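Engineer: Take a look at this one; I'll ask things after.
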């Protein structure tokens, strides 16, 4: 019992350190870059409904509050007791579950370097994995002191900026090692294994991200990553909770949204730019994904942005 209590005390102390560091560097609700490459902070001061997002291969820690990721109808809740890990670029919905102005939801996201994962596995010093990864490429792991300690040291570097170039990459490498010895190691191993299905699906996703505006021939993409079409379909859906065509559609619609919002393209030009042949089909599919017609959605987002600027 004493050992268990000391472990809990250590974990609570580390979480408190992380929360203080993030709180001090997040002046208001939003997402904030840091001087450490791949490390961002987030702050939310009220619960929020699921919002469409692209989740990169990363680990997400919550130091205060709680969030939830929705993927293919499944919910992955994470809070101070557990972390979220994703090993592929995934279209998903992010929800803020527990947050208030007095006790904001505070956390961090660290992008994973799958090359480092592969290097650590190749060194052969890791304990053997006892179980094979199944399900999607999203996982929820226990936020142990072993996981939290290197994050605590990484954030401490923000108070010693001259040390970041020399030490940040070393601490990030340790974080990758800790993840590979955690209960979520199979999620990383399935993507880093060059002869595995996860690695090949990751390569297919890389191609889709670069070529989303081109017509998609699934059989050709499967051949490109050296998989049969049925096997490709099976593992793509298992890892991403959607089909390759649905994934491409998500990429197209979100890029069109960016073009309309940031580059002021009208609906038709944005639709053609991302590969749609019919603006009416584009509008229907946009409405199904975002719950509102594209023109109205962009107008609302601009009004919200203008309102936020006035408040500042």
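Engineer: Is the stretch 239-254 home to any residue that is farther than 17 Å from residue 92 by Cα, assigned to a helix (DSSP H, G or I) and out of contact with any strand residue (DSSP E or B) (no Cβ under 9 Å at 6 or more places or on another chain)?
Structural biologist: no
Engineer: Just one of (1) touching a helix residue (DSSP H, G or I) at 6+ places or on another chain (Cβ under 9 Å); (2) in a helix (DSSP H, G or I); (3) more than 23 Å from residue 138 (Cβ to Cβ) trips up residue 304, so point out which.
Structural biologist: Condition (1) is where residue 304 drops out.
Engineer: Which of (1) surrounded by 17 or more Cβ atoms within 10 Å (Cβ to Cβ); (2) at pLDDT below 95; (3) part of a strand (DSSP E or B) does residue 117 not meet, given it meets every other one?
Structural biologist: Just one mismatch for residue 117, condition (3).
Engineer: If I filter the stretch 182-198 down to residues being in contact with a helix residue (DSSP H, G or I) (Cβ under 8 Å, 6 or more places away or on another chain), part of a loop (DSSP other than H, G, I, E, B) and crowded, with 16+ Cβ neighbours inside 10 Å, which single residue comes out as modelled with the highest pLDDT?
Structural biologist: 182
Engineer: A further question follows. Go through the stretch 134-167 and give me each residue that's surrounded by fewer than 16 Cβ atoms within 10 Å (Cβ to Cβ) and touching a strand residue (DSSP E or B) at 6+ places or on another chain (Cβ under 7 Å).
Structural biologist: Across the stretch 134-167, the qualifying residue is only 142.
Engineer: Now for a separate question. If I go through the stretch 216-238 residue by residue, how many of them are on the phi > 0 side of the Ramachandran plot and either within 21 Å of the chain's Cα centre (by Cα) or part of a helix (DSSP H, G or I) (or both)?
Structural biologist: Looking only at that region, the number is 0.
Engineer: Right, another one. Looking at the stretch 281-301, which of the residues that are on the phi < 0 side of the Ramachandran plot and outside any helix (DSSP H, G or I) is farthest from the chain's Cα centre (by Cα)?
Structural biologist: That would be 293.
Engineer: Since residue 255 meets every condition but one in (1) surrounded by fewer than 18 Cβ atoms within 10 Å (Cβ to Cβ); (2) over 15 Å from residue 204 (Cβ atoms); (3) touching a residue at least 60 places away in the same chain (Cβ under 8 Å); (4) within 19 Å of the chain's Cα centre (by Cα), which condition does it not meet?
Structural biologist: Single failed check for residue 255: (3).
The values are calculated or read from the model by the stated rules, or taken from the named source; none is laboratory data. The shown structure was predicted, so the numbers you read here are calculated from the model rather than taken from an experiment. In this analysis, Cβ positions are derived from the backbone assuming ideal geometry, glycine residues included, and neighbour counts consider all displayed protein chains.
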